[in-house]
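The structure appears right after this line, and notes come after that.
The values are calculated or read from the model by the stated rules, or taken from the named source; none is laboratory data. Note that this is a predicted model, so its numbers are computed, not measured. All Cβ positions, even for glycine, are placed from backbone atoms using ideal geometry, and neighbour counts span all protein chains on display. The protein model used for the area step is the full one, side chains on, heavy atoms only, and it has no ligands, DNA or RNA in it. Shrake-Rupley method; radii C 1.70, N 1.55, O 1.52, S 1.80 Å.
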Amino acid sequence: MNIHEYQAKQLFDQFSVPSPQGKVAHTAQEAYEAALAIGGDNIVVKAQVHAGGRGKGTFKNGFQGGVHLVKNADNAKAMAEQMLGQVLVTHQTGEEGRLVNQVMVAEAVDIERELYLSLLIDRETSRPVIVASTEGGMDIEAVAEETPEKIVHQIIHPLNGLQPYEVRKLAAALKLTDKGLIKQFNVLINNLYDLFIGCDCSMVEINPLVVTPDQQLLALDAKFDFDDNALYRHPDIAAMRDPAEEDPREVEASKHDLNYIGLDGSIACLVNGAGLAMATMDIIKHYGGEPANFLDVGGSASTEQVTAAFKIILDDPKVEGILINIFGGIMDCNVIAQGVVEAAKQVELNIPLVVRLEGNNVEAGKATLEASDVNLITASTLAEATEKITAALSA
C-alpha cells in the first residue's frame, strides 16, 4: 500500500523525522488558509498523486507542472485552483494521468545540497538495508546504472538494530562532515529506522534529503510502501489508503482476498499460486501472446472468490481470451470448475475460454465442466492450453 506525500509527512512528524511545515488542502480556500498558517513568502504547492515526476508533469488542461513555488496565500489559492480537479500526466502515470483531489501546501526551503536516503528489505538477506547516495534529487535507478560507486548499501542486523558505527559510516558516505549535521543525521536516521520497523514498512524513500544553507537536515519528499500482510496491526495507516489512486480492478480484487495486477496484454490468466502464475505468463509470451493480468486465487479459494475473479477479468476491455490453469494441491479442482460455471451464468461470456485442470479432485472438476453448457475448451497440459488460447485469438 502506498500513501500520499502529506500522509508521509504526518508519519515523519509522529516519529520526529525533521521535514518542512506542510498542510493538505482539498479546496483552494483550504490552500489559502494553509499558506497563511505557514506564513512567510516562500511556499510550495504540490499536487498529491501516487506518481513521481510531478514537477515536470503536464495537466490535461495544458497547465504545466504539479509543483510550484508561490510568494503568498493569494498565489497559493490561485495555484490550487489550477490543479484541483484536473488530471496530471507524468512519466509514471501513463497517458491516462491521475486526478488531483488534494494539494499539499508546504514551507519552501533553500537547498545547499541534495542527498538520497531509503530503507527497504534486502531480498537476498531478508534484512533491512539502508541505501544512501550523494546524488539526491535524481532517479536512483539512473544513478545505479551510470555511477553505481555513488550508492552505499548498509545491511542492518534485525536483532541488533541500527548501530552507531553504521550511522557514522553512512554519514561519511554522504559527506556530512560538520559535527552539527552529523548529530542531526544520527537523530534522523535512528528515528527513520524506528518508523520503518514500527510501521511494518517495506520501503521508505527520502528523495531528496536536503542540507539547507543554515545547515539544517530535512526530509523534503518521501515515498512509503507498507507490507499489506501487516496492515491489520496498523488500522490508522490502513485508513490512509486512497482507492482513487489505484487500479479499480486491483481494489475490487483486494476485497475478495485475490492477488491481482493488471497488465496490457489480451490473454487473461486465472491461476492458483504465484509461481504457477508467473510460469503461465511466461509460457503465454513464449507462444506469442501477451498476458492481460497476474491473478493468483490462492491455494484454498472458494467458489465465490473464483466467481469474483472471473468478473474482474471480464471487466477489462483489453481481454480477448481467458486461460485458466489450476494445479490442485490444497485447491480442489472441482471448486474452480464450479466457480467457472457460476461465473459464466452471471456474465455474458463471448470470448474464448481455455481451462486446464490437474491434481486434487480433477476428475470431478472435469465432470462439472462437461456437464455444464459453458462454451469452453479443455486442455491436459499447460503447453496445450497455451497453444489453444493463442490459436483461438488468432483465428
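Straight-line reach from LYS255: taking Cα to Cα under 17 Å and skipping same-chain neighbours fewer than 8 places apart, the lysines in range are LYS311.
When each of the peptides 287-297, 62-72 is scored by the mean number of other C-beta atoms lying within 10 Å of its residues, the order from highest to lowest reads 287-297, 62-72. Using only Cα coordinates, the Kirkwood hydrodynamic radius of region 91-232 works out to 16.3 Å.
Protein heavy-atom accessible surface, 1.4 Å probe, per residue over region 1-155: 49 Å². For the chain, a Gaussian network of Cα nodes joined below 10 Å ranks ASN360, ASN186, ASN75 by mean-square fluctuation, and the top entry is ASN360. Among the GluC sites (Glu not before Pro) within region 56-120, those in coil by DSSP and having at most 10 neighbouring Cβ atoms inside 10 Å are GLU95, GLU96. Relative contact order of the chain: 12 percent, from C-alpha pairs under 8 Å at least 6 residues apart in sequence. Residue pairs exceeding 26 angstrom between C-alpha atoms, taken from LYS71/LYS150; LYS150/LYS223; LYS46/LYS169; LYS150/LYS183; LYS285/LYS345; LYS318/LYS366: LYS71/LYS150; LYS46/LYS169; LYS285/LYS345; LYS318/LYS366. With protein chains left intact and a 1.4 Å probe, residues in region 263-395 average 43 Å² of accessible area per residue. Rolling a 1.4 angstrom probe over region 5-55 with all protein chains present gives an accessible area of which 47% lies on carbon and sulfur atoms.
A value for log10 I(q)/I(0) by the Debye sum over Cα atoms at q = 0.06, 0.11, 0.12 Å⁻¹ was derived from the coordinates, and within the list (i) -0.25, -0.88, -1.04; (ii) -0.21, -0.75, -0.90; (iii) -0.32, -0.91, -1.01 it appears as (iii). Rolling a 1.4 Å probe over the protein heavy atoms of region 288-349, with every protein chain left in place, gives an accessible area that is 49 percent carbon and sulfur. Summarised as an ellipsoid, region 309-395 has semi-axes of 20, 16, 11 Å, derived from the eigenvalues of the Cα gyration tensor scaled by 5 and square-rooted, with the largest first. Only the Cβ atoms of Lys and Arg (+1) and of Asp and Glu (-1) were treated as charged; on that basis the dipole of region 128-168 about its Cα centre amounts to roughly 340 debye. The angle between the Cα long axis of helix 303-314 and the main principal axis of the chain comes to about 70°, on a 0 to 90 degree scale. The convex hull of the Cα atoms of region 10-153, projected and averaged over all directions, covers 10.4 nm².
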